[in-house]
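See structure below.
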Amino acid sequence: MMVASARPRPPWRQHNVGTIRRRKIPRDSLMATYFLRTTNRDTCGSCGMCAEACPVEAVDMASGEPAVDLDWYIGCGVCVTRCPDEAAGLALRTDLAHEAPPDFTALHRTILDEKSKA
């Protein structure tokens, strides 16, 4: 009996985030996430493009509209760029003990400093 191979993942979902997608180790233990997903329900057309694009499968369309698992969403913004209705957005997390770095250079410097302490 021949088994059909799984459909190849689109390029925007071929990321090294399998550990988070499998929900084995909490997201905040693995990475700094400064943004969370927002959805404008008034403009969302419930097309599911955001759920298809999410590399960690944190957006679910089971209820017919996007439901975001904020404990696992990584804040990458891929779903935001795929939304044809511009209903998906990102908001800065307010529950962090520290502020987000002001730019990519500062973020990179923070990551390098933390790695050198380990």
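Using only side-chain charges placed at the Cβ, +1 for Lys and Arg and -1 for Asp and Glu, the dipole size of the range 11-117 relative to its Cα centre rounds to 500 debye.
What FRET efficiency do you get for Ala91 and Lys117 if R0 is 35 Å and r is their Cβ-Cβ distance, rounded to the nearest 0.05? Computed FRET efficiency for Ala91 and Lys117 comes out at 0.75. Working ranking of peptides 20-29, 43-52 by packing, defined as the average number of other Cβ atoms within 10 Å per residue, highest first, is 43-52, 20-29. On full extension, the segment bounded by Glu57 and Thr43 gains 2.8 nm, given 0.36 nm per residue less the C-alpha separation. Each peptide in 109-116, 35-42 receives the mean, over its residues, of other Cβ atoms within 10 Å, and ordering these scores from highest gives 35-42, 109-116.
Per-residue 3J(HN,Hα) values for the range 108-115, derived from phi via the Karplus relation 6.51 cos²θ - 1.76 cosθ + 1.60 with θ = phi - 60°, read 4, 4, 4, 4, 4, 4, 5, 5 Hz in sequence order (x marks Gly and Pro).
Rounded, prolate or oblate, given the Cα gyration tensor of the range 11-117, with a/c below 1.5 counting as rounded? Here the range 11-117 falls in the prolate category. If the segment from Met31 to Ala106 were pulled out straight at 0.36 nm per residue, it would be longer than the present Cα-Cα gap by 25.4 nm.
All of the numbers you see were taken from the coordinates with simple rules; none came from a lab. Treat the numbers as computed from the prediction; the structure is a model and nothing was measured. Quick reminder, even Gly has a Cβ in these numbers, built from the backbone with ideal geometry, and neighbours come from all protein chains shown.
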